[in-house]
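The values are calculated or read from the model by the stated rules, or taken from the named source; none is laboratory data. Note that this is a predicted model, so its numbers are computed, not measured. Neighbour counts run over all protein chains shown; Cβ positions are idealised from the backbone, glycine included.
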Ligand code: ADP
Ligand code: MG
């Protein structure tokens with residue numbers, strides 16, 4: 001079945017054609033009809049399979065033709081998402097699909113001033129995409145009314161129902177009409193969250209695409225055994241062997257992100273970082289440059305793993321393995337989106353082996369191993385533009401500096417404690 005044959009508005013069809021969406025993806029095929037009918041839906045489908053449009057198309061269609069609906073009456077649909085980047089991205093999809101309709105979408109998220117967001121809200125909107133924290137603040141201050149909401153969508157539902165967000169979400173749900181349609185979308189789900197999810201929906205239609213393999217089939221993923229200290233050489237090699245490709249690298253911590261960027265800089269490779277310590281404007285800037293392809297290497301922590309759809313990311317490198325097994329799926333799922341194919345490789349050091357085991361248990365299968373024989377391994381290190389540096393000396397120097405800082409901190413603390421006495 002093609003979108004042409006759907007009973008959705010001509011205006012939406014026109015936008016889909018412009019976007020190059022001819023046929024629905026599996027999840028769209030299964031989710032659109034029950035959503036149009038007004039049923040609650042719990043949908044699980046792999047990364048990059050078009051979940052956004054699976055809810056955006058029917059939601060816009062419903063709001064476009066709703067009887068007795070006036071914008072002044074208030075927001076009709078709330079879409080909750082875990083990150084600012086995702087809020088912007090989903091808003092863009094709603095805007096693209098709703099371009100020829102009069103359905104208005106807007107997004108709010110934290111980390112920036114409230115003022116401009118409030119002004120925009122006052123002008124009236126139909127669909128609000130939001131991160132829970134900012135939404136909670138604006139609702140508490142009376143800038144947002146939720147009593148006319150007909151549809152609640154939770155994208156990345158498992159993450160949203162996870163510890164960090166659940167408090168705000170619970171509070172927000174009490175402000176929504178009981179009579180509403182609730183839609184949950186995610187690529188992964190676990191048992192604890194499942195129960196919670198069920199408690200928030202009413203006789204939901206459950207849709208699960210390929211439950212056996214949470215990794216999207218367009219992603220060719222493998223693991224490579226690399227010592228912690230040698231990872232930088234292997235990343236350098238990946239980058240130099242793939243000069244035209246956009247590569248997204250995931251690391252465990254913000255500090256490591258900066259460190260890897262510096263290591264790449266030393267061997268003449270330009271990159272940018274994105275993580276929770278960065279200003280919102282820098283995060284957006286890095287994302288924009290990477291999207292455009294001005295920067296080919298982006299180094300990220302898990303903040304940006306969820307849901308982000310960056311065109312033509314051809315390669316994902318797990319420089320460090322993710323501590324939460326499901327994040328493996330979300331990270332490698334940043335490539336191989338839509339009909340594109342993607343490659344993902346994970347660097348696993350001996351100390352990370354237990355994490356790898358956990359991930360494989362979660363996937364219920366082993367990850368393909370990329371064998372690197374001893375000569376090849378040595379050659380990768382020798383080949384490095386950094387080989388001319390004496391790394392050991394550099395590292396020692398860094399350690400010494402660290403020790404000095406620690407010693408001086410301890411001294412200060414001691415002095416302070418003395419003063420108190
Ligand atoms: P998910 O939320 O499942 O990870 P997205 O909604 O971000 O995936 O969509 C992934 C990519 O697939 C996007 O680039 C989107 O434009 C594309 N896409 C979605 N639906 C279709 C379709 N029906 N035909 C072609 N491409 C599509
Ligand atoms: Mg998504």
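Some observations on this one:
- When the residues of region 175-194 are filtered to those that are away from ligand 2 (no atom under 16 Å from the Cβ) and either in a strand (DSSP E or B) or under 23 Å from the mean Cα position of the chain (by Cα) (or both), the one that is surrounded by the fewest Cβ atoms within 10 Å (Cβ to Cβ) is 191.
- Qualifying residue in region 36-43 (condition: surrounded by fewer than 24 Cβ atoms within 10 Å (Cβ to Cβ), assigned to a helix (DSSP H, G or I) and more than 14 Å from ligand 2 (Cβ to nearest atom)): yes
- Residue 316 being at pLDDT 95 or above and within 14 Å of ligand 1 (Cβ to nearest atom): yes
- Condition check for residue 52: within 20 Å of residue 186 (Cβ to Cβ), part of a loop (DSSP other than H, G, I, E, B), within 16 Å of ligand 2 (Cβ to nearest atom) and in contact with a helix residue (DSSP H, G or I) (Cβ under 8 Å, 6 or more places away or on another chain): no
- Counted residues, region 125-140 - those being over 14 Å from residue 171 (Cα atoms) and part of a loop (DSSP other than H, G, I, E, B): 2
- Matching entry among 238, 255, 226 (being buried (at least 17 other Cβ atoms within 10 Å of the Cβ) and either free of Cβ contacts under 8 Å to residues at least 24 places away in the same chain or in contact with a helix residue (DSSP H, G or I) (Cβ under 7 Å, 6 or more places away or on another chain) (or both)): 226
- Scope region 195-223; condition assigned to a strand (DSSP E or B) and in contact with a helix residue (DSSP H, G or I) (Cβ under 8 Å, 6 or more places away or on another chain); matching residues: 205, 207, 219, 221, 223
- Any hit, region 85-107, residues being touching a helix residue (DSSP H, G or I) at 6+ places or on another chain (Cβ under 7 Å), within 16 Å of ligand 1 (Cβ to nearest atom) and modelled with pLDDT under 95: yes
- Taking region 163-172 as the range and being surrounded by fewer than 18 Cβ atoms within 10 Å (Cβ to Cβ) and in contact (Cβ under 8 Å) with a residue 12 or more places away in the chain as the test, the residues that pass are 166, 171.
- When residue 68 is tested against (1) at pLDDT 95 or above; (2) away from ligand 1 (no atom under 14 Å from the Cβ); (3) not in a helix (DSSP H, G or I), exactly one condition is not met: (1).
- The set of residues from region 271-289 being more than 15 Å from ligand 1 (Cβ to nearest atom) and either closer than 19 Å to residue 337 by Cβ or out of contact with any helix residue (DSSP H, G or I) (no Cβ under 8 Å at 6 or more places or on another chain) (or both) comprises 274, 279, 281, 282, 285, 286, 288, 289.
- Hey, residue 398 more than 30 Å from residue 219 (Cα to Cα), modelled with pLDDT under 70, surrounded by 10 or more Cβ atoms within 10 Å (Cβ to Cβ) and in contact with a helix residue (DSSP H, G or I) (Cβ under 8 Å, 6 or more places away or on another chain) or not: no
- Filtering region 153-168 for residues that are over 19 Å from residue 324 (Cβ atoms) and at pLDDT 95 or above leaves a non-empty set.
- Residue 248 being closer than 30 Å to residue 134 by Cβ and either assigned to a loop (DSSP other than H, G, I, E, B) or free of Cβ contacts under 8 Å to residues at least 60 places away in the same chain (or both): no
- All positions within region 259-288 that are surrounded by 15 or more Cβ atoms within 10 Å (Cβ to Cβ), closer than 21 Å to residue 243 by Cβ and in contact with a strand residue (DSSP E or B) (Cβ under 8 Å, 6 or more places away or on another chain): 260, 261, 264, 269, 271, 272, 273, 286
- In region 1-30, the residues that are surrounded by 13 or more Cβ atoms within 10 Å (Cβ to Cβ) and on the phi > 0 side of the Ramachandran plot: none
- Considering 57, 32, 8, 75, the condition of being part of a loop (DSSP other than H, G, I, E, B), under 27 Å from residue 177 (Cα atoms) and within 15 Å of ligand 1 (Cβ to nearest atom) is satisfied by 8 alone.
- Conditions (1) closer than 15 Å to residue 153 by Cβ; (2) within 16 Å of ligand 2 (Cβ to nearest atom); number of the one not met by residue 76: (2)
- Within region 156-174, tally of residues that are within 16 Å of ligand 1 (Cβ to nearest atom) and part of a loop (DSSP other than H, G, I, E, B): 1
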